[in-house]
Amino acid sequence: MSRQSFKVCFCFRRIFKLRVLEPPEEVKILFDQYSQNGTMSLDNLRGFLVEFQGEYNATRDDAQAIFNSLKHLNIFSRRGLHLEAFFRYLLGDLNGPLSPSRVVHHDMTQPLAHYFLYTGHNSYLTGNQLSSDSSVEPIIKALRRGVRVIELDLWPGSKKDEVEVRHGGTLTNPVDLLKCLNAIKDNAFQASEYPVVITFEDHLPANLQDQVAEMVTKTFGDMLYRPETDQLREFPSPESLKKKVMISTKPPKEYLETPSSKSTKRSKISSKKEQWNGETASKSDSEICDKDDEDEGESLQEEDEQMTVPEYRHLISINAGKPKGALQNWLSIDEKKVRRLSLSEQELENATRRHGVDIIRFTQRNLLRVYPKGTRITSSNYNPFVGWAHGAQMVAFNMQGYGKHLWVMQGMFKANGGCGYVKKPDFLLSNEVFDPSVRLPVKKILKVTIYMGEGWDLDFRRTHFDMYSPPDFFVKVGIAGVPADKAMYKTKAIEDDWQPVWNEKFEFKLTVPELAVFRITVLEYDTSGQHDFGGQTCLPISELRTGIRAIPLHDRKGDKYKNAKLLVQFELN
């Protein structure tokens, strides 16, 4: 064998060789504290769950369930857990950072405006905003992940006698509306029984609106929520709307025009400006192209068509609309009716500079939807906390890609059993309206210890990270939240180890823990700075379980790896 061949062979032996996973010193100390003569009994384990893990309602049955989960292992003893079995429990599925029961526990009887809704944008697109295909597959995937708000853009087909779902003004291919509706019907309540809202961005003439009304009615039948009045004084609760589908769009009267007004409005579109309290800000061409269903769009009505579409109107349970005039008009509150307002991410950011309190007051009764700016042609996303901190219920995201903002969105909606509805914090609903521009005192301190990780050797090829040596993993850990709470740190890189041990501690001071999300990303160090991805997850601070926990890692799209995980301790004071 040549010297080079021997070197390659030796390197591959290094890759395949794994040491026995040793418990961290802290785990050994805890085991000694809660065991007798090297064995942890059922009562000892329950004491550990209550006193150290903070599971104050833990019972002997809970401890027995842990015992039962370890019975198939050779390391299990009927008399109790030895150190190795206890360590395996700590790294197991029953010891996750969130409650394994996935129970809906928020009060679901309040009006819809009191909740954040898991919301999609252009839900039918498979990729970028300019040239990707339209399909039912992204809709199905979103619903199965728990997304509760699906957006469909409605346009006349090429023959003007059928309805297509597509991103208008782009090269994206269309998909048939009926296919989209059937996909929603078949998948709406697999992940959650709480209501699904379909938002229509409507570019249809009256005859095609009639078609939509017929298709929606036949497809959903009794699943469709039809309010008794065209104008609700208050939105119903998610609890009262279980397994119901709601339609949200503009009532036809808000954009039907007389023939004489068409040419005037079309000329306005090309030079459309936004008025901000006396200040004028020009819109980019891309934003005008990406106008949302709240913008003043040109009507497609024929001169001889009637000015009302009663069946279509009766579908709408959440009326949308942006009043004409300045921002104060957009945020006007009518005590006799509620509605939905849509703003682009830029419009919202501009509005928050002077009218943050007004936005929160508006969202205490009405719905606010925020959508990505038109320049996000790659289907990227934006910081959701600008919307959430101002009470926006529908922060609409492109679900077909990946990135830190989408991971944070996925993390936020792991709360409340993953049902797609998260109750807004009380301070966003109080009569004393919260001012998000004021820095608050520290309310909670989160202490995190990153002990170790395992499982990459089972989820990745042995040569995935490096051809000739084990990976050099490091961890980025931080908080996503209001500006005062945002922070990010990283551990040192552990060289050449599939089972890295860090034993590093970090501390985070939180002013608004109710809106904070814990972020963690594992990377494999590369001298070029282009580090390889090794997993991520985001977790809502409001539901984080204290103690030593096993954190499953997810891939870029948010799907959980089978084996890769971290052992982490959380303290929240």
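The values are calculated or read from the model by the stated rules, or taken from the named source; none is laboratory data. Every value quoted in this text rests on a predicted model; they were computed, and no experiment measured them. Don't worry about glycine lacking a Cβ; one is built from the backbone with ideal geometry, like all the others, and counts go over all protein chains shown. Accessible surface is based on the protein model in full, side chains and every heavy atom, while ligands, DNA and RNA are left aside. Shrake-Rupley method; radii C 1.70, N 1.55, O 1.52, S 1.80 Å.
Of the numbered conditions (1) in a loop (DSSP other than H, G, I, E, B); (2) among the charged types (D, E, K, R); (3) crowded, with 16+ Cβ neighbours inside 10 Å, residue 22 fails exactly one; give the number of that condition.
(3)
Does the range 199-254 hold any residues that are open to solvent by less than 40 Å² (accessible area, probe 1.4 Å) and of a type in the set (S, T, N, Q), and which are they?
Once the filter is applied, which keeps residues that are open to solvent by less than 40 Å² (accessible area, probe 1.4 Å) and of a type in the set (S, T, N, Q), the range 199-254 yields 199, 209, 219, 237, 248, 249.
Scan the range 524-573 residue by residue and report those that are closer than 28 Å to residue 106 by Cα and of a type in the set (S, T, N, Q).
Once the filter is applied, which keeps residues that are closer than 28 Å to residue 106 by Cα and of a type in the set (S, T, N, Q), the range 524-573 yields 536, 537, 542, 546, 569, 573.
Kindly list the number of the only condition in (1) touching a Leu at 6+ places or on another chain (Cβ under 6 Å); (2) within 22 Å of residue 246 (Cβ to Cβ); (3) surrounded by fewer than 22 Cβ atoms within 10 Å (Cβ to Cβ) that fails for residue 179.
Unmet for residue 179, out of (1) touching a Leu at 6+ places or on another chain (Cβ under 6 Å); (2) within 22 Å of residue 246 (Cβ to Cβ); (3) surrounded by fewer than 22 Cβ atoms within 10 Å (Cβ to Cβ): (1).
Can you tell me which residue among 175, 163, 103, 197 is in contact with a Phe, Trp or Tyr (Cβ under 7 Å, 6 or more places away or on another chain) and of a type in the set (A, V, I, L, M)?
Just one listed residue meets the conditions, 175.
Among the numbered criteria (1) modelled with pLDDT under 95; (2) surrounded by fewer than 19 Cβ atoms within 10 Å (Cβ to Cβ); (3) not basic (Lys, Arg), which single criterion is violated by residue 383?
(1)
With respect to the numbered conditions (1) over 26 Å from residue 48 (Cβ atoms); (2) touching a Phe, Trp or Tyr at 6+ places or on another chain (Cβ under 9 Å); (3) of a type outside the set (Phe, Trp, Tyr), which one is the sole condition not fulfilled by residue 539?
Exception for residue 539: condition (1).
Taking strands (runs of 3 or more DSSP E) that fall entirely within the range 515-566, which contain at least 3 residues that are buried (at least 21 other Cβ atoms within 10 Å of the Cβ) and β-branched (Val, Ile, Thr)?
Filter on the range 515-566 gives 517-524.
Regarding the range 421-437, can at least one residue be identified that is within 14 Å of residue 516 (Cβ to Cβ) and part of a strand (DSSP E or B)?
Within the range 421-437, one or more residues are within 14 Å of residue 516 (Cβ to Cβ) and part of a strand (DSSP E or B).
Rundown of residues vs (1) out of contact with any Cys (no Cβ under 9 Å at 6 or more places or on another chain); (2) within 30 Å of residue 423 (Cα to Cα), yes/no style:
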residue	(1), (2)
46	yes, no
49	yes, yes
57	yes, yes
67	yes, no
79	yes, no
90	yes, no
104	no, yes
109	yes, yes
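Taking the stated definitions as given, is residue 410 in contact with a strand residue (DSSP E or B) (Cβ under 9 Å, 6 or more places away or on another chain) and modelled with pLDDT under 95?
No, not satisfied.
Tell me, which strands (runs of 3 or more DSSP E) lie completely within the range 185-298 with 1 or more residues that are at pLDDT 90 or above and within 30 Å of residue 417 (Cα to Cα)?
196-202, 245-249
Looking at the range 445-486 only, could you name the residues that are in a strand (DSSP E or B) and surrounded by fewer than 17 Cβ atoms within 10 Å (Cβ to Cβ)?
Correct list: 445, 447, 476.
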